[in-house]
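What follows is one structure encoded as structure tokens, with my remarks underneath.
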Amino acid sequence: MAQIAWLTIKLAGITTILLLVLATPLAWWLARGRSAWKAPIGALVALPIVLPPSVLGFYLLIALGPQSPLMTLLHPFGVRTLAFTFTGLVIGSLVYSLPFAVQPLRNAFIGVGEEPLEAAATLGASPWAVFGRVALPLALPGYAVAAILTFAHTVGEFGVVMMLGGGIPGRTQVLSVEIYQLVEALEWSKAHLLSGAMLAFAFVVMLSLLLLERRTTRRRA
């Protein structure tokens, strides 16, 4: 059980760190860009929110399978497939949890407003300086929300990891898959224990988000 918990935390931690980095330029562009592609790209980013996880997992399984064009490019390097591997789970989690990182960051960047950015630009700050010294510090509460949501969402994901990972012990068997397998095996007491722990975890996450939102609102007031 400790190995399963560690694998789940490892997957959620790696996914959260990578998404905070990858989602930052995308969220900034969605918040500040003026391209006609903003709406289609925004809809594409948000797609995992409404798309059934099994559907997303199915297409990821095809994309990371040995016959896909992507994997064919990696065959010369000795990589036949990323399906049913931990690396494949990370890729699937990045796609599945992407909107839970992008949306809070986008909202945080929008909440920064025009005045601080225009003031910094007027004083001669470069675009990079405006972002790094003005926008980023003001958006830090959004990063906290994005990190909490991404981590929690990855811990709780089931459909994608089941389709893409299959629940291989020591490789792709995370807590959500373990609960499913315990129920299948009629081990109700163990399933109750794990489910209760996940329920408590979800409550702590939501409480943390509400307290963070209250604290942020008081600071702005």
Just for segment 66-81: of the residues that are surrounded by 15 or more Cβ atoms within 10 Å (Cβ to Cβ) and either among the hydroxyl-bearing types (Ser, Thr, Tyr) or at pLDDT 90 or above (or both), which one is nearest to Gly166 (Cα to Cα)? Thr81
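For the condition touching an Asp or Glu at 6+ places or on another chain (Cβ under 8 Å), of a type outside the set (S, T, N, Q) and part of a helix (DSSP H, G or I), what is the one hit in Leu211, Leu194, Leu149? First the steps, then the outcome.
On the way: Leu211 fails: touching an Asp or Glu at 6+ places or on another chain (Cβ under 8 Å); Leu149 fails: touching an Asp or Glu at 6+ places or on another chain (Cβ under 8 Å).
The conditions single out Leu194.
Could you run through segment 56-67 and say how many residues are without any contact (Cβ under 8 Å) to a residue 60 or more places away in the chain and assigned to a helix (DSSP H, G or I)? Give the steps one after another, and end with the answer.
First, pick out the residues of segment 56-67 that are without any contact (Cβ under 8 Å) to a residue 60 or more places away in the chain: 59, 62-63, 65-67.
Pick out the ones that are also assigned to a helix (DSSP H, G or I) and you get 59, 62-63.
The number of residues fulfilling the criteria is 3.
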Condition check: outside any helix (DSSP H, G or I) and not β-branched (Val, Ile, Thr). Does Ala5 satisfy that? no
Only one of these is in contact with an Asp or Glu (Cβ under 8 Å, 6 or more places away or on another chain) and either without any contact (Cβ under 8 Å) to a residue 40 or more places away in the chain or surrounded by 15 or more Cβ atoms within 10 Å (Cβ to Cβ) (or both): Pro53, Pro25, Pro48. Name it. Pro53
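Just the residues that are closer than 18 Å to Ser93 by Cβ and either exposed (fewer than 13 other Cβ atoms within 10 Å of the Cβ) or of a type in the set (Val, Ile, Thr) (or both), please, taken from segment 193-221. Break it down into steps so the answer makes sense when it comes.
From segment 193-221, those closer than 18 Å to Ser93 by Cβ are 198, 201-202, 205; that's our starting set.
Hit for segment 193-221 is Val205, nothing else.
For (1) of a type outside the set (D, E, K, R); (2) touching a residue at least 12 places away in the same chain (Cβ under 8 Å); (3) closer than 18 Å to Ala12 by Cα; (4) in a helix (DSSP H, G or I), each residue gets a yes or a no:
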| position | (1), (2), (3), (4) |
| --- | --- |
| Leu94 | yes, yes, yes, yes |
| Pro104 | yes, yes, yes, yes |
| Ile110 | yes, yes, no, yes |
| Leu117 | yes, yes, no, yes |
| Ala121 | yes, no, no, yes |
| Gly132 | yes, no, no, yes |
| Ala135 | yes, yes, no, yes |
| Val145 | yes, yes, yes, yes |
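Residues of segment 26-40 being closer than 23 Å to Gly113 by Cβ and either of a type in the set (A, V, I, L, M, F, W, C) or modelled with pLDDT of 95 or more (or both), which ones?
Step one: of segment 26-40, the residues closer than 23 Å to Gly113 by Cβ are 26-35, 38-39.
Those that are closer than 23 Å to Gly113 by Cβ and either of a type in the set (A, V, I, L, M, F, W, C) or modelled with pLDDT of 95 or more (or both): Leu26, Ala27, Trp28, Trp29, Leu30, Ala31, Ala39.
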Can you tell me which condition Thr154 does not meet? The list is (1) more than 27 Å from Ala27 (Cβ to Cβ); (2) within 23 Å of the chain's Cα centre (by Cα); (3) part of a helix (DSSP H, G or I); (4) not small (Gly, Ala, Ser), and all the others hold. (1)
Given (1) of a type outside the set (A, V, I, L, M, F, W, C); (2) surrounded by 13 or more Cβ atoms within 10 Å (Cβ to Cβ); (3) without any contact (Cβ under 8 Å) to a residue 12 or more places away in the chain; (4) closer than 30 Å to Glu115 by Cβ, Lys190 misses just (4)
Subset of segment 157-185, residues of a type in the set (A, V, I, L, M), modelled with pLDDT of 90 or more and part of a loop (DSSP other than H, G, I, E, B), comes to Val174
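The values are calculated or read from the model by the stated rules, or taken from the named source; none is laboratory data. Note that the structure is a prediction, hence the values are computed from the model and not measured. Every residue, glycine among them, receives a Cβ derived from its backbone with ideal geometry; neighbour counts consider all protein chains shown.
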